[in-house]
């Protein structure tokens, strides 16, 4: 059963300017793993903007409860290389309160825009 759906779009150039203007923003929004590519290099602005869009979409799918920490949601790749969300702490608690058992994520960036869609799902009640 679908519990919630969230979507978000982020203008990449504006997001990049915000990261440049406020360097501490990276650590507030992203885990260490999210800030670096698999090769260990810092991620490009479009990749970070897509991850930020995913976190915003996740918050919307969960009903935008207050008090969630940005770094309690992490965008990773699953065993097939597809994007997935790992949640813990405040985000896991918000999801559990809604009965969410699975999160679906789609992210993209093109034409100067990063976007993400999250679907929060629960097990059907029998």
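Laboratory data are not the source of any read-out in this text; all were calculated from the coordinates shown. The structure presented is a predicted model; accordingly, all values stated were derived computationally and were not measured. Counting neighbours? That spans all protein chains shown, and the Cβs are built from the backbone with ideal geometry, glycine included.
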_Selection within segment 69-97 - surrounded by fewer than 17 Cβ atoms within 10 Å (Cβ to Cβ) and part of a helix (DSSP H, G or I)_ = 89, 92, 93, 96, 97
*asked:* Pairs needed: first member in segment 40-63, on the phi > 0 side of the Ramachandran plot and in contact (Cβ under 8 Å) with a residue 12 or more places away in the chain; second member anywhere, surrounded by fewer than 19 Cβ atoms within 10 Å (Cβ to Cβ) and assigned to a loop (DSSP other than H, G, I, E, B); C-beta distance under 8 Å; at least 6 residues apart or different chains.
replied: 63/98
_Just the residues that are within 22 Å of residue 49 (Cα to Cα) and without any contact (Cβ under 8 Å) to a residue 60 or more places away in the chain, please, taken from segment 93-126._
103, 104, 105, 106, 107, 108, 110, 111
